[in-house]
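**Student:** Please read through the structure below; I'll follow up with questions.
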Amino acid sequence: MSENRDFGFCPRCGALMQSGICQSCGYENRGQAPSPSQNPGWSQGVQGFQQTQNRQGYPGYPQVYVGPPREKGNKKGMWFALAAAVVLILGMIFAITFYIHSIFKMGMEISESEPGFRDESNSGNDYFGDDYGYDDDYDYDYDDDYGYYEPDENDPYYETITDATRTDLAYGIDWITESIDPDDSEDYCTFYCIYPMLRDFEDEHKYDSANAAIREMAQSYRASYREYSGGCSTYSYVTYMDEEKVSVAFQHDLYVEGGKIPKVNAVNFRVETGEVIGYEEMAELDQDLAIRFRAQDKTQNDGVEYVQDLTDEELLEILGDPQAAVMFYTPVGLEIGFNYEDGWVTVTFKERAL
């Protein structure tokens, strides 16, 4: 007797099917079940997982192994993403650290290079002292493109107030700075001035009287600077110095709402004695001077309206007023002028000399 049975796998429960009927759940395949000879892979699968008992415990039927469901996702991809995140975080930490270090280093460099001001005398024969970084012992090559004016005796007139210091004389210049700043950070009313002190290389007290006069003129608005909304600043210039005389000019700016009020004054000394040279010794105030003053004003200043409208008598009266008039020597000549309501004006008298 022989028996021919067709075997297969149940699509529902995975158990063995015989003649198209599942021996476990009763599922019936209405189509023809494939035989092991028709599908060797199935036969091998049955042989590979045959056991003596199926899940119902019926002997002689093979049990098919059904593995666990495949895990979602990809472990390799997960590890790759985790590694990328770690690298990104480390890179951000490094970038932030480098940025903070760069800012700190830059701040240190700026704080070390910024100039400061002292309220004490600068030792040595320095132009503006060490605080400004200028030294008369060094030959600076000033470029005209920067607008630096070097007065010369051959100039047709004096262009602007500037320094004309020298280092080949028996006396030198020290520079003093003074300032008053309010405690309130929102109060912008301040006082600032910078001025020179004469120093004889042999007798340190020779110019005490002259220096007192310089300091007094530089501090002309120290007591009243609070009367102006923005305070006052004074910049002083050694406009001329040689073996016989030295001149110091002062430019004051009084800061008010909407602008400033400029003022100028000057003082001159004999080098030998340190005595002040009076204005009356520097120029003779006569009608000839008044005429020439007005003519030079047209050439030098394009004719200031206030000056051109003055009569000779009015002009001479102003030039004779010590509170308004100003005179100082320069390498170009003698500068004569005065202060008025809208500012100040000076002209150059080239042949005038003490």
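The values are calculated or read from the model by the stated rules, or taken from the named source; none is laboratory data. None of these values were measured; they are calculated from a predicted model. Because the Cβ atoms are built from the backbone with ideal geometry, glycine has one as well, and the counts that use them run over all protein chains shown. We work out accessible area using only protein heavy atoms, side chains counted, and drop any ligands, DNA or RNA first. Shrake-Rupley method; radii C 1.70, N 1.55, O 1.52, S 1.80 Å.
**Student:** Determine if region 152-162 includes at least one residue that is modelled with pLDDT of 95 or more, open to solvent by less than 40 Å² (accessible area, probe 1.4 Å), among the hydroxyl-bearing types (Ser, Thr, Tyr) and touching a His at 6+ places or on another chain (Cβ under 8 Å).
**Tutor:** Scanning region 152-162 turns up no residue that is modelled with pLDDT of 95 or more, open to solvent by less than 40 Å² (accessible area, probe 1.4 Å), among the hydroxyl-bearing types (Ser, Thr, Tyr) and touching a His at 6+ places or on another chain (Cβ under 8 Å).
**Student:** What residue, of 168, 187, 203, is free of Cβ contacts under 8 Å to residues at least 12 places away in the same chain, over 23 Å from residue 335 (Cβ atoms) and within 26 Å of the chain's Cα centre (by Cα)?
**Tutor:** 187 is the lone residue from the list that is free of Cβ contacts under 8 Å to residues at least 12 places away in the same chain, over 23 Å from residue 335 (Cβ atoms) and within 26 Å of the chain's Cα centre (by Cα).
**Student:** Next question. More than 32 Å from the chain's Cα centre (by Cα) and closer than 30 Å to residue 169 by Cα, is that true of residue 223?
**Tutor:** no
Residue by residue, here is whether (1) more than 28 Å from residue 243 (Cα to Cα); (2) at pLDDT below 95; (3) open to solvent by 50 Å² or more (accessible area, probe 1.4 Å) holds:
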site: 295; (1), (2), (3): yes, no, yes
site: 321; (1), (2), (3): yes, no, yes
site: 327; (1), (2), (3): no, no, no
site: 333; (1), (2), (3): no, no, no
site: 339; (1), (2), (3): yes, no, no
site: 348; (1), (2), (3): no, no, no
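Matching residues to (1) of a type in the set (A, V, I, L, M); (2) open to solvent by less than 10 Å² (accessible area, probe 1.4 Å); (3) within 24 Å of residue 318 (Cα to Cα):
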| position | (1), (2), (3) |
| --- | --- |
| 178 | no, no, no |
| 184 | no, no, no |
| 208 | no, no, no |
| 213 | yes, no, yes |
| 239 | no, yes, yes |
| 285 | yes, no, yes |
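**Student:** If I filter region 266-275 for residues that are outside any loop (DSSP other than H, G, I, E, B), open to solvent by less than 30 Å² (accessible area, probe 1.4 Å) and in contact with a Leu (Cβ under 7 Å, 6 or more places away or on another chain), do I get at least one hit?
**Tutor:** Within region 266-275 (the criterion being outside any loop (DSSP other than H, G, I, E, B), open to solvent by less than 30 Å² (accessible area, probe 1.4 Å) and in contact with a Leu (Cβ under 7 Å, 6 or more places away or on another chain)), the answer is no, since none of the residues qualifies.
**Student:** Is it the case, given these coordinates, that residue 223 is open to solvent by 70 Å² or more (accessible area, probe 1.4 Å), modelled with pLDDT of 95 or more and either in a loop (DSSP other than H, G, I, E, B) or not basic (Lys, Arg) (or both)?
**Tutor:** yes
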